[in-house]
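Single-structure report; data block below.
Read-outs throughout are calculated quantities, based only on the coordinates presented, and are distinct from any laboratory measurement. Keep in mind it's a predicted model, so treat the numbers as computed, not measured. Neighbour counts run over all protein chains shown; Cβ positions are idealised from the backbone, glycine included.
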Amino acid sequence: VHIAAAFSPLQIVQDLQLRLSSESEVVLTSSAAYSQDFIPRFSSSGSPTYVVGVKPALVGDVQKVIQYASQYNVSFLATSGGHGYSWSLSSVQGAIDLDLSNFDNLEIDESANTITVGPAWHLSNITSTLQAIGKELPVGQCPTAGLAGITLGGGVGPYGGMYGAISDSLLSVEIITGTGNIFNVSATQHPDLFWGIKGAGFNYGVVTSLTYRIYPATNNGEALIVNALFTGPKNASVWRLAGGLVGRQPKEFTINLAVQYNATLGGMIIAAGFIYVGPQAAGMKYMQPFLDLSPIEVEINYPVPYDNFTAVLLYGELKGGTQKGVPFVPYAVNLYQVDVENLIELFNYMNQTIPINSEIKTATLSWAQFSSYGFHLYPDSSSAFPYRDVAVFLQFDGFALDASDIPSLNQFGQEVRRLAQKGSGSTDLETYVNFGHGDEGPAAWYSARKLPALRALKAVYDPGNLFRYYN
Ligand SMILES: Cc1cc2nc3c(=O)[nH]c(=O)nc-3n(C[C@H](O)[C@H](O)[C@H](O)COP(=O)(O)OP(=O)(O)OC[C@H]3O[C@@H](n4cnc5c(N)ncnc54)[C@H](O)[C@@H]3O)c2cc1C
């Protein structure tokens, strides 16, 4: 719904100023206050457009925005970290940006091992807060992504090998649903909705508080991270070693690979970032077979504190995720196996195509391979998160240097996804929802087996389908 047809942006501002508490901020997005005070988005492509920015101060204010939007058919989208990059968000046009950065509450119960946070919390504030008290929680790999947005889609990251999806550690949330109700939701209160929130949460309401189980820090909160660079001809050996670990990867061990163009060598290389959450000697045992392939560069980092992973992993490349307004072209495929022949074909395709096409030189194939141990601590039926058996979360990251490069990157990304999917071990395309491009469809994001229950929840908690934009 394009709101301009119904209400002018100014009228929405006036209406909401009247309805919301005085501590709330309601501004036109054309105002200076909007660019100063509101969370900027990571991606500038396939992104939403807003005419009004609202920063509610109270849970009741969020409720009033939802009621107003529902009554007058005005589109809105909640923003926690602003890192959602699905191009499905381009269906949000002329809408209200419901910025949740006032919800910065924090409560820790060290003896009960729980943490309660508001959606203003980003991954890096969480890890530094927990590191300071000798605790840990699985998080993702970008320091500024919102913990709320990641969790609502399931949440995968290095500590997942030990503890499962981030949403597996969720104990309860406070949510204002599409019906305008404020609910505390947990395994005992609205358990049906709690199930759906863990993997498909953004479809039902706005979450204003999240409580997680936390864990005593492993190895005093310190890990081993080894970065290495492999030249193109080594790719087959790297795939073989990684594939050999599927199903037997120690829970503390995570493999991150990035296939990317290296101008000096004039071809594709594989940058690797291996993590072992434990003592150096124990970790080196698992990394040694990779190092025996004679990478052209090796960097051993020990001890790396839990809250400093992203600065070190893959030579600090992940810090790029903290940028704003990146013309980003995402594609992703879940791999259920490591099909070495298919990966060689994919590598060769990239190696033949990228060096001679300047528009796609920044394209990166990102590989995240966690132990399945943590994911299998919870049965498939425990949540909407459908991807406990994934061997590798494979992503195509297209960072356009210029907006004019987007069409070429987009076409290339689609072809990379098609080739990768052939060897994925699944007949149909399956994609972790938070890594999706937006064109995969509900069965690919949520799995056909979970869709009926998710649709039944929709009918109860968001019958007006106010929360329909993000995948
Ligand atoms: C650089 C980078 C690295 C990443 N690394 C990882 C990773 O390691 N692991 C991983 O699992 N994912 C990762 N992601 C993907 C990430 O999970 C998604 O981008 C996620 O949507 C980010 O959440 P956010 O709160 O920052 O996003 P936002 O853009 O604020 O939100 C994304 C969607 O969720 C909805 N939403 C956000 N907050 C709420 C809320 N409180 N209540 C209801 N709905 C809400 C929004 O309305 C929107 O539809 C990464 C993304 C980037 C850009």
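To the nearest 0.05, what FRET efficiency results for residue 349 and residue 15 with a Förster distance of 56 Å applied to their C-beta separation? So, using R0 = 56 Å, E works out to roughly 0.55. The slack between residue 189 and residue 241, meaning 0.36 nm per residue of separation minus the straight C-alpha distance, is 14.2 nm. From the alpha carbon centroid of segment 186-218 to that of segment 393-428 is 31 Å. With N the number of residues in segment 341-471, Rg(Cα) / (2.2 N^0.38 Å) evaluates to 1.23. Near the amide H of residue 278, under 5 Å away, which other amide H atoms are found, from residues 5 or more places off or on another chain, if H is placed in the peptide plane? Residues meeting the amide H criterion: 224. In the chain, helices alone account for a calculated mean residue ellipticity at 222 nm of -8500 deg cm²/dmol, with every DSSP H run of four or more residues adding -39,500 (n - 2.57). Here each label is just a point 7 Å from Cα along the line to Cβ, and for residue 443 and residue 133 those points are 4.5 nm apart. Available extension along the chain between residue 456 and residue 110 is 120.8 nm, counting 0.36 nm per residue and deducting the alpha carbon span. The ranking of 292, 97, 192 by Cβ neighbour count inside 10 Å, starting from the fewest, reads 292, 192, 97. The simple spin-label model puts a point 7 Å past each Cα toward its Cβ; for residue 293 and residue 468 those points are separated by 4.7 nm. Reported to the nearest whole Å, the Cα centre-to-centre distance from segment 246-321 to segment 434-453 is 30.
Bridging of residue 361 to lysines at a Cα separation below 21 Å is possible for 234, 319, 324, once same-chain residues fewer than 8 apart are set aside. Between segment 342-389 and segment 1-77, what's the alpha-carbon centroid distance in Å? So the separation of the two Cα centres works out to 36 Å.
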